[in-house]
Amino acid sequence: MGHDFKDLFGDWEPGEEPRPEAVGETENRKPHALNEKEAKVAGVFVRPTPGIGPDQTFVMLEDNHGRKVPIFIGRFEASFILQAMDGDTVDRPQTYDLTMLIVEKLGATIERAVIDDIWQSTFYAKLTLTRDGVSSDIDCRPSDAINLALRARAPIYVAEAVIEASQDEV
């Protein structure tokens, strides 16, 4: 089984791969200092939207200064965050549990999750995995980063600029 990945992907390693140019996309922004703040999951909430559409589900992150960052997510992702927060287990592994098993079997650890950008009301995140002393950042949705960080008991960070931009939403 271990050689199956090698057969499929050869010597490929996760990392920064070239992306096509796209005007206005976040990948074309100049790098900036994140000034990350550690945050905890304060809870998962539902905001009713009567007459407008379906209710909106969001995860609330809170930094050590009490500043809150609401990130709207899907219902299913929210239920898995609640499951991880409560320490609930299921008989058969669900998607995030399966992902954790794969990470562990490949000899990697999840070091941290970072909510590192917000653009046009969309949050962006990275998950840092370490294997054999080498760290790799993987782009992902914030809900996925939070779900996996909770399961790995890894810290969650939010960039200061994201916290500041989110204060209008709270």
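The values are calculated or read from the model by the stated rules, or taken from the named source; none is laboratory data. Since we're looking at a predicted model, the values are computed, not measured. Cβ placement follows ideal geometry from the backbone for every residue including glycine, while neighbour counts extend to all protein chains displayed.
Structural remarks
- Region 115-157, residues that are assigned to a strand (DSSP E or B) and basic (Lys, Arg): Lys126, Arg131
- Any hit, region 79-92, residues being without any contact (Cβ under 8 Å) to a residue 40 or more places away in the chain, under 20 Å from Phe58 (Cα atoms), in a helix (DSSP H, G or I) and among the polar types (S, T, N, Q): yes
- Restricting region 100-114 to residues that are assigned to a strand (DSSP E or B) and among the aliphatic types (A, V, I, L, M) leaves a set whose member that is farthest from Glu62 (Cα to Cα) is Ala108.
- Count of region 115-144 residues which are surrounded by fewer than 18 Cβ atoms within 10 Å (Cβ to Cβ) and more than 15 Å from Val162 (Cα to Cα): 11
- Output for region 39-66, where each listed residue is of a type outside the set (Val, Ile, Thr) and in contact with a Lys or Arg (Cβ under 8 Å, 6 or more places away or on another chain): Ala42, Asp55, Gln56, Phe58, Met60, Leu61, Glu62, Asp63, Asn64, His65
- Per the conditions (1) modelled with pLDDT under 95; (2) touching a helix residue (DSSP H, G or I) at 6+ places or on another chain (Cβ under 6 Å); (3) hydrophobic (A, V, I, L, M, F, W, C), the sole criterion not satisfied by Ile81 is (1).
- Every residue from region 103-114 that is in contact with a Lys or Arg (Cβ under 7 Å, 6 or more places away or on another chain) and crowded, with 19+ Cβ neighbours inside 10 Å: Val114
- Between Thr95, Thr99, the distinction of being of a type in the set (Ser, Thr, Tyr), loosely packed, with under 14 Cβ neighbours inside 10 Å and farther than 19 Å from Lys37 by Cα belongs to Thr95 only.
- Contacts under 9 angstrom Cβ, first residue in region 151-169 being modelled with pLDDT under 95, partner part of a helix (DSSP H, G or I) and surrounded by 15 or more Cβ atoms within 10 Å (Cβ to Cβ), 6 or more apart: none
- Residues that are more than 8 Å from the chain's Cα centre (by Cα) and over 13 Å from Leu61 (Cα atoms) were ranked within region 145-159; the one that is surrounded by the fewest Cβ atoms within 10 Å (Cβ to Cβ) is Arg153.
- Strands (runs of 3 or more DSSP E) within region 12-76 that include 2 or more residues at pLDDT below 95 and either surrounded by fewer than 13 Cβ atoms within 10 Å (Cβ to Cβ) or of a type in the set (Phe, Trp, Tyr) (or both): 36-47
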